[in-house]
Structures are given as C-alpha cells and as structure tokens.
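Encoded as structure tokens, the structure appears first; notes follow it.
The values are calculated or read from the model by the stated rules, or taken from the named source; none is laboratory data. This one's a predicted model, so the numbers in the text were calculated from it and none came from an experiment. All Cβ positions, even for glycine, are placed from backbone atoms using ideal geometry, and neighbour counts span all protein chains on display.
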Amino acid sequence: MSNYYYLIASLPELNLEDNKLSYTVADFKEELYSHLSGKDKKLINLFYLKFDNENVLKLLRNKEAEIDTKGNYSLDTLLEYMHTIKEGGKVSSKDFPAYLSKFIADYYNSVSMEDESILLEDTLAALYYKYGVDCKNTFISSWFEFNLTLNNIFVALTARKYKIDASQSIIGDTEVTEALRTSGARDFGLTGEVEYFEQLVKINEIDELLERERKIDTLKWNWVEDAIFFNYFSIERLFAFLLKIEMIERWLSLDRERGSELFREIIESLKDDVQIPAEFK
C-alpha cells in the first residue's frame, strides 16, 4: 500500500463548520489525483463514480444533456460506451464498471426512453452501493455500507412518520434492508444490530430540516474520523479528505429556502406511487 507523506501533510485541516474551502472536490481531481498509484486511483474513482451515475441518468434521458465534469468519464466516452451497450456490444469491466454497463443494458432492454415514472435513481443507487461495499479496501467498503444503512433507516423512519409505504424506496439486499421492509417493531428489530440506530431515531425527530441535515453530517464526519484514526498517510485518509470537503461544499451551497425545498422533495418522492420493473430489482 502506498503512503503519501508529503501529500497528506500539505492538506489543510478541515472542520464541518468551515465557511470557506481552499480545496474542492474538483480541485482534488485536478491537483492530487495524478500523484496516486494506479491501484489507489481506482479507489478514488469509487468516490467520483457518483457523478458518473448522475451523468448516465441525464444522458439516457437526453443525449444532449450537459454533464458534471467531476465524473471519471468524459461526455464522448460515456456516449460511446452507451451506444456500444445499446447495440448489444460489451464494454470491458476494466474500462467501465460492470454495474453501470448492466444498468444501461437493462434500461435499453426494458424501459422506454420517454418513461419518467421509473425509480431509476434508486435502482442505480442500489447497484452503486453494492459495487462500493464489494470493494476490497476495508475502510471504503465500510463507508458504503454505513451510508447504505443510514440512508435506508432514514427513509423507513420518515415513511413510518408520514404513514407512507416506502418498501420500494429502501434499496439493497441486506439483513438490515429486509428488516426495514418487513418489520413492524418500533425499532425494526435493529437496536442490537445497528449501534447508531437510536442516534438516527433522535435525529429523525428533529423538525427543522437543515438542523437535521447538520446532525446527519456530523454523525458521518465522526464516523469517518473514527474509521481512519490509525490511517495516517494512506489512501484511506485521502478518501476521507474527499468525503469531508464534499460535506463542507454542500453546506456552503445550502440555504434555508433550499432546505425547505429539499424536505418537500423527500416527502413527495416517498409518496409517488411508482413501480420498479422486475428486471431492475
């Protein structure tokens, strides 16, 4: 495993309360990525794949869409791979993640290009989380698993609060997700299985959305700090740095009006009566 003594020593200290950033997620890609080993670049790519996911969704619906350049793949490359897959060809998993190839192939084989009623975002998120959890790096795999569990629990708690059936909005196939879909217990039977479950319950009871989001990010920030405590100059600390600057970036871009809008979007997405095709489950 490579160590990045000089690189990490040169990074600024970060705090969730920072009101400005000297580094951004885009800066990291431009300034630091080239210094990583080939193996470690693949790990960092897992972080940036979230932007590729968004770009693929945009292009499936509109091939003229403007994409987020923070992704791993250029517009031309994505369009080329998507065309190859649409025509029944194969793209090597060495060049393009297998989960994205599968998603694109299933989309073209099963869904009308004009159909906007399918929860494609949830389908792709489930594939992405599984891809991340299957990563051989313990820290990064655990981060994906932690987020999958956390997000699903919040979906289940919010749905229960508003008496909404959210079974189709819970993604993944784990013991936790099965409990969230089927259990009628107050804690879904997870108090002993998920150590931070009670924290999530308390956070979910906060009515003010921005305060609740802040508590969630504080929980994530503390989880990251604990998880990399003994990783001083390794790729794990660089991945954690990326996670932190992303959180700070998000807070610098949020305001109260956007927070209220986000809350309405969450509730409406849970209320939508949509069906996911069997091919995507």
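Just a few scattered comments:
- Considering the stretch 127-147, the residues that are out of contact with any Asp or Glu (no Cβ under 9 Å at 6 or more places or on another chain) and without any contact (Cβ under 8 Å) to a residue 12 or more places away in the chain include one that is nearest to LYS102 (Cα to Cα), namely ASP134.
- Looking across the stretch 50-61, the residues that are modelled with pLDDT of 95 or more and more than 15 Å from TYR81 (Cα to Cα) come down to LYS50, PHE51, GLU54.
- Lone unmet requirement of (1) over 22 Å from the mean Cα position of the chain (by Cα); (2) under 28 Å from PHE233 (Cα atoms); (3) touching a residue at least 12 places away in the same chain (Cβ under 8 Å) for GLY38: (3)
- A single entry from GLU66, GLU80, GLU121, GLU87 fulfils the requirement of being of a type in the set (Asp, Glu) and in contact (Cβ under 8 Å) with a residue 60 or more places away in the chain: GLU121.
- In this entry, GLY189 passes the filter for residues that are farther than 30 Å from ASN19 by Cβ, of a type in the set (Gly, Ala, Ser) and in contact with a Ser or Thr (Cβ under 6 Å, 6 or more places away or on another chain).
- Unique match (being farther than 25 Å from TYR23 by Cα, surrounded by fewer than 19 Cβ atoms within 10 Å (Cβ to Cβ) and modelled with pLDDT of 95 or more) among ASP95, ASP68, ASP115, ASP106: ASP95
- Close pairs (6 angstrom Cβ cut-off, 6 or more residues apart or separate chains): farther than 14 Å from PHE146 by Cα in the stretch 172-184, aliphatic (A, V, I, L, M) and surrounded by 16 or more Cβ atoms within 10 Å (Cβ to Cβ) anywhere: ALA179/LEU190; LEU180/ALA156; LEU180/ILE170; ARG181/ILE170
- Qualifying residue in the stretch 175-198 (condition: modelled with pLDDT of 90 or more, in contact with an Asp or Glu (Cβ under 7 Å, 6 or more places away or on another chain), more than 30 Å from GLY89 (Cβ to Cβ) and surrounded by 15 or more Cβ atoms within 10 Å (Cβ to Cβ)): yes
- Among residues of the stretch 140-174 being surrounded by fewer than 20 Cβ atoms within 10 Å (Cβ to Cβ) and hydroxyl-bearing (Ser, Thr, Tyr), the one that is modelled with the lowest pLDDT is SER167.
- Residue within the stretch 16-35 that is in contact with an Asp or Glu (Cβ under 9 Å, 6 or more places away or on another chain), touching a residue at least 40 places away in the same chain (Cβ under 8 Å) and assigned to a helix (DSSP H, G or I) present: yes
- Within the stretch 120-169, the set of residues being in a helix (DSSP H, G or I), among the polar types (S, T, N, Q) and within 25 Å of LYS58 (Cα to Cα) comprises THR123, ASN147, ASN151, ASN152.
- The residue of the stretch 15-35 that is farthest from PHE233 (Cα to Cα), among those that are over 21 Å from the mean Cα position of the chain (by Cα) and hydrophobic (A, V, I, L, M, F, W, C), is LEU21.
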